[in-house]
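Input: a single structure, listed below in structure tokens.
The values are calculated or read from the model by the stated rules, or taken from the named source; none is laboratory data. The model shown is predicted, which means the values in this text are computed figures rather than measured ones. Methodologically, a virtual Cβ is constructed for each residue, glycine included, from the backbone with ideal geometry; neighbour enumeration extends over all protein chains shown. Surface areas here come from the heavy atoms of the whole protein model, side chains and all, with no ligands, DNA or RNA. Shrake-Rupley method; radii C 1.70, N 1.55, O 1.52, S 1.80 Å.
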Amino acid sequence: MTQVLEIDRLKKGFSLHHLDKDIPAFEDVSFSVAAGEFVLLKGANGAGKSTLLRTLYRSYLPLAGEIRFHSSHGVIDLARAADVDVAHLRRTEIGFVTQFLTARPRVRAEAIVAEPLRLAGWEPEAALDAARKALATFGVKPDLWAAYPTTFSGGEQQKVNLARALILPQKLLMLDEPTASLDANARRALVARLKELKDQGTAMIGVFHHPDDVMHLIDRIVDLTPDAVPQEERDDVAL
Amino acid sequence: MTLTLDAPRIVETRPLLEVHGVSKSYGTVQAVRNVSAHAYPGEVLGIVGESGSGKSTLLRMMNLEEIPETGSYTLDLPDVSGNLFELDRFARRMLCATKIGIVYQNPHLGLLMKHSSSGNVAERLLVAGERSFATLRQAATEALEASEFPLDRLDAPPIELSGGMQQRVQLAKAIALEPALLLLDEPTTGLDVSVQALVLDTLKRLQQDRQITMVIVSHDLGVIRTLADRVMVMRRGEVVETGLADQIFQDPQHPYTQQLVHAKL
Ligand SMILES: Nc1ncnc2c1ncn2[C@@H]1O[C@H](COP(=O)(O)OP(=O)(O)O)[C@@H](O)[C@H]1O
Ligand SMILES: Nc1ncnc2c1ncn2[C@@H]1O[C@H](COP(=O)(O)OP(=O)(O)O)[C@@H](O)[C@H]1O
Ligand SMILES: [Mg+2]
Ligand SMILES: [Mg+2]
């Protein structure tokens with residue numbers, strides 16, 4: 001199997017200076033994800049699932065350990081990679097889906113979704129076509145495609161967000177509870193798209209509010225609950 | 001303690017702008033102390049910090065209005081080389097006119113308040129050597145349009161315009177020559193919140209359409225958060241922290257940055 005990510009003794013905590021307090025989040029987290037593998041993160045509220053994903057994306061700075069990412073430019077340790085390198089990888093190889101859309105005023109839904117394709121060098125018309133298809137797949141009504149999502153409902157915004165985040169297949173994709181606030185149809189569309197990406201070789205690490213939705217995609221479960229068995233193969237696990 | 005970051009390994013282009021070890025004092029006040037900064041092509045560098053932390057002084061150095069006591073400044077552009085602080089007055093002026101655009105918080109610093117708005121923008125082109133009236137008018141109109149300035153007010157002097165419109169004229173003047181570098185010093189400070197959002201939106205749009213390298217200075221974290229890819233935090237003339245914008249806002253490391261971010265939340 002082609003490795004995509006090797007996480008090695010990763011540690012994260014927060015030093016809140018004004019409270020003179022250190023908040024540990026996790027330490028000694030080690031696991032790998034290969035191309036086409038889907039790893040489910042689990043653990044109680046506050047176990048550090050979001051923190052781990054944000055640390056891998058480098059929105060948070062790790063305290064120790066390595067995050068070896070097998071990029072198309074070779075292996076790079078995301079724990080120590082320069083900011084510009086991280087920014088570049090975020091545009092090209094590493095995706096992150098959250099619950100929230102950062103809608104920008106006066107940017108149409110279809111343009112928001114097309115943007116990753118445009119940045120990857122697609123022609124404007126081809127990018128817009130693909131964007132409209134993606135919006136349709138997630139159940140966004142055609143009369144909303146050219147509208148500004150700033151005024152959309154939470155559910156509609158989340159569909160635009162997902163269409164955008166999943167339009168360009170990436171090497172590594174992280175998902176933090178992407179199904180929150182989605183209706184059943186959009187949830188099905190999401191799972192279908194994740195299956196497609198998995199088959200195309202995207203490595204995925206995700207936190208899901210309803211893991212049942214993605215049951216059939218899961219290869220491995222990593223439990224962040226302190227003192228839990230750190231990794232379980234999918235076959236031995238009853239969810 | 002966090003880890004020390006490596007030098008870039010994937011991105012091989014050089015930064016467009018590099019400032020190294022600059023210091024500047026006014027009498028007994030050390031406004032800027034041994035500061036280094038860089039911005040990659042197409043990147044937006046945000047500089048944040050409380051009033052008096054040296055942000056404007058640093059930006060004036062980048063616009064070659066202020067020459068520091070120590071340090072160097074390079075722009076990676078064709079026909080531009082060496083430490084720009086060593087250029088003579090004339091070469092500096094020419095470089096600024098053709099490669100760098102600036103928008104000040106105070107429109108009086110950037111505009112002739114009683115000349116027409118289109119004239120203010122055209123003046124920039126005149127300095128760079130354009131002489132044909134039709135070309136001047138055309139280029140000025142295009143720049144004003146790109147800045148989302150209402151074209152029925154082309155001939156109005158800035159003094160008769162609202163604060164938001166004055167900033168759009170400054171912006172048009174700054175981008176008229178398609179500069180490689182756009183410097184913005186508190187471009188929305190003092191504007192009404194709703195007007196501020198519109199001006200920020202115009203800036204965001206320009207950045208996306210044209211991929212201009214920008215350095216934006218503000219004491220307002222919201223402004224920096226909206227625009228910047230990377231953020232540098234200044235305090236008392238020194239850089240206390242730099243990082244990717246989302247990291248600075250979500251996981252600030254320095255006590256001062258934590259205080260800034262928490263005060264805002
Ligand atoms: N930006 C942050 N600053 C300080 N503490 C944080 C931050 N993000 C998360 N934490 C803390 O880290 C711990 C793990 O939180 P989180 O990763 O959100 O858990 P989960 O996603 O598993 O519910 C919590 O104690 C939380 O308060
Ligand atoms: N032309 C000047 N003459 C004297 N003191 C100055 C001058 N410009 C700036 N200063 C001082 O230098 C310090 C930094 O100022 P400035 O760069 O304007 O900070 P900021 O833009 O962060 O508010 C302040 O103490 C300010 O009073
Ligand atoms: Mg969470
Ligand atoms: Mg200032």
- Query: Roughly how many Å² is the accessible area per residue of the protein assembly as shown, as a whole number, for a 1.4 Å probe?
  - Reply: 45 Å²
- Note on the structure: the protein assembly as shown: antiparallel bridges as % of DSSP beta bridges, rounded to 5, reads 55 percent
- Task: Name the residue farthest towards the positive end of the dipole of segment B:33-264 from the options B:Gln105, B:Gln208, B:Val127, assuming +1 on Cβ of Lys and Arg, -1 on Cβ of Asp and Glu, about the Cα centre.
- Result: B:Val127
- Message: To check my understanding: the extent here is largest minus smallest coordinate of the Cα atoms along each principal axis. What are those three numbers for segment A:1-81, in Å, largest first?
- Response: 45, 28, 18
- Task: For A:Lys141, B:Lys204, A:Lys11, write out the residues from largest to smallest accessible area, computed with a 1.4 angstrom probe and no ligands counted.
- Result: A:Lys141, A:Lys11, B:Lys204
- Query: What's the center-to-center distance, using Cα atoms, between segment B:222-265 and segment B:13-69 in Å?
  - Reply: 16 Å
- Query: So for segment B:33-264, taking the charge dipole from beta-carbon charges (+1 Lys/Arg, -1 Asp/Glu), which of B:Ser72, B:Leu87, B:Ala39 sits furthest toward the positive end?
  - Reply: B:Leu87
- What value does segment B:149-265 have for Rg/Rh, both radii from Cα atoms and Rh as Kirkwood defines it? 1.01
- When chain A is treated as a Gaussian network with springs between alpha carbons less than 10 Å apart, the largest mean-square fluctuation among A:Val29, A:Val39, A:Val107 is found at A:Val107
- Rule-of-thumb check for the protein assembly as shown: C-alpha Rg over 2.2 N^0.38 Å? 1.05
- Query: With labels modelled as points extended 7 Å from the Cα through the Cβ direction, what inter-label distance (nm, one decimal) is found for A:Leu16 paired with B:Thr4?
  - Reply: 3.1 nm
- Task: Report the far tail of the P(r) of segment A:1-150, meaning the percent of Cα-Cα pairs longer than 27 Å.
- Result: 40 percent
- Item | For segment A:7-50, the fraction of alpha-carbon pairs in successive 10 Å shells from zero, as % | 22, 44, 25, 8, 1
- Using Cα pairs under 8 angstrom and six or more residues apart, how large is the relative contact order of segment B:115-265, in percent? 17 percent
- Taking Cα atoms, the helix B:193-210 axis meets the longest principal axis of chain B at an angle in degrees (rounded to 10) of 90 degrees
- Task: Return the loop-located trypsin sites (Lys or Arg not before Pro) in segment B:109-186 (DSSP other than H, G, I, E, B) with at most 11 other Cβ atoms within 10 Å of their own Cβ; answer none if there are none.
- Result: B:Lys114, B:Arg131
- Heavy atoms of B:Asp220: accessible area, 1.4 Å probe, square angstrom to 10: 40 Å²
- Could you give the semi-axes, largest first, of the ellipsoid that matches segment B:33-264, computed as the square roots of 5 times the alpha carbon gyration tensor eigenvalues and rounded to whole Å? 29, 22, 15
- Quick calc: nm separation of the 7 Å Cα→Cβ label points for B:Glu12 and A:Ala147 -> 4.8 nm
